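Q: Shown below is the structure under consideration.
The values are calculated or read from the model by the stated rules, or taken from the named source; none is laboratory data. Small disclaimer: the values here were computed from a predicted structure and weren't measured. FYI the Cβ positions are ideal-geometry reconstructions off the backbone, even for glycines, and counts take in every protein chain you see. Just the protein is used for accessible areas: all its heavy atoms, side chains included, with ligands, DNA and RNA removed. Shrake-Rupley method; radii C 1.70, N 1.55, O 1.52, S 1.80 Å.
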Amino acid sequence: MPTETLISARDFCAHYQLDLSFVIILEEQGVLEMIHIGLVQYLHPDQLRPLERLVRLHRELAVHVEDLDIVAHLLERIEQTQEQVLDLQNRLAFYEPNARS
């Protein structure tokens, strides 16, 4: 993958005034995956939105970086559950058009 499409983890941390250890801990926990090219760590652009969400949780709700993996997992489960509920509502509406609320 060309490095032009990647975001340097160091640049991301500088932009958000974070220590590089923030993203390193998240990588160790499996919350995000960095791409290592030589000694430089990069983030894929698809990971920016979820990572920015975790930065906000860390700052605004004072969630410790070590606990962000738990929060990320719970948020993912909530999103999956919401998708399942929507799917079930759509299926129910197919069989009972007046049952949808």
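Q: Of the conditions (1) surrounded by 13 or more Cβ atoms within 10 Å (Cβ to Cβ); (2) in a helix (DSSP H, G or I), Q84 clears all except one; give me its number.
A: Looking at each condition in turn, Q84 falls short on (1).
Q: Looking at region 1-16 only, could you name the residues that are under 21 Å from E60 (Cα atoms) and either of a type in the set (S, T, N, Q) or outside any helix (DSSP H, G or I) (or both)?
A: Y16
Q: Given the structure, is A72 on the phi > 0 side of the Ramachandran plot and hydrophobic (A, V, I, L, M, F, W, C)?
A: When the stated conditions are applied, A72 does not pass them.
Q: Just give me the residues in region 17-47 being open to solvent by 50 Å² or more (accessible area, probe 1.4 Å), of a type in the set (A, V, I, L, M, F, W, C) and assigned to a loop (DSSP other than H, G, I, E, B), in sequence order.
A: L39
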